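See structure below.
The values are calculated or read from the model by the stated rules, or taken from the named source; none is laboratory data. This one's a predicted model, so the numbers in the text were calculated from it and none came from an experiment. Backbone-built Cβ (ideal geometry, glycine too); neighbour counts: all protein chains shown.
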Amino acid sequence: HSRPRCQRKKLFERMPVRLKLTLQPAAELHYRSPEPIISLGKPRNTPVQLSRWLQGQFEPDWQSLEQLFALAPRPAVQLRNTYHLRDKTLVKRCKSIWLGLPSDTQAVNAFLLMAAQRESENLYKVCVQVQPAQAVETLPASLTVNLLDAERATVASVSAEPADAFIRLPYFRGALSESFEIELTFGKHRHSELFTI
């Protein structure tokens with residue numbers, strides 16, 4: 001007997017993250033954590049620096065969530081979808097991403113939301129979420145968000161299912177100077193953003 005869809009989602013959110021990657025023991029960072037620490041590696045070029053966000057320094061194309069809510073056709077929906085990001089210690093920014101040309105009727109416009117939190121002197125927690133940016137309440141089925149390490153190996157991946165209002169990757173952690181890539185895919189279209197912690 002299958003579980004209801006909403007119950008399966010709640011169970012998934014409680015499941016521990018199991019990533020096929022070399023994990024760095026938390027003891028080596030002098031930090032006790034119930035979750036694994038991902039070894040991300042060094043950046044390949046000049047990515048967005050998340051640690052600067054915590055100093056109030058943001059790139060122009062990364063907007064505040066208040067701007068997202070102001071532009072959204074249904075701000076109450078976006079606000080509800082970001083409820084798990086309500087912690088004021090999280091620094092949050094979003095960026096409008098097009099998968100395909102805006103003139104293409106099959107193109108998808110989505111908001112990539114990034115949230116970062118400092119947990120110790122050199123350790124940061126990161127959350128990644130994708131929301132629809134058009135006048136719709138759900139993402140297109142099969143839109144996928146991937147977390148890639150410095151070697152472009154896929155560490156985690158989540159795909160939208162029918163009626164999903166948003167998708168998000170499991171929380172992950174990294175130390176200063178470690179890098180990663182967030183990739184959005186939909187059909188033949190692909191967009192990636194590079195980050196360093």
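Some notes on this structure:
- Near pairs, Cβ below 9 angstrom, 6+ apart or cross-chain, from region 91-104 (on the phi > 0 side of the Ramachandran plot) to any residue that is loosely packed, with under 13 Cβ neighbours inside 10 Å: Gly100/Gln106; Gly100/Lys188
- When Glu35, Glu59 are screened for being acidic (Asp, Glu), surrounded by fewer than 17 Cβ atoms within 10 Å (Cβ to Cβ) and at pLDDT 85 or above, only Glu59 passes.
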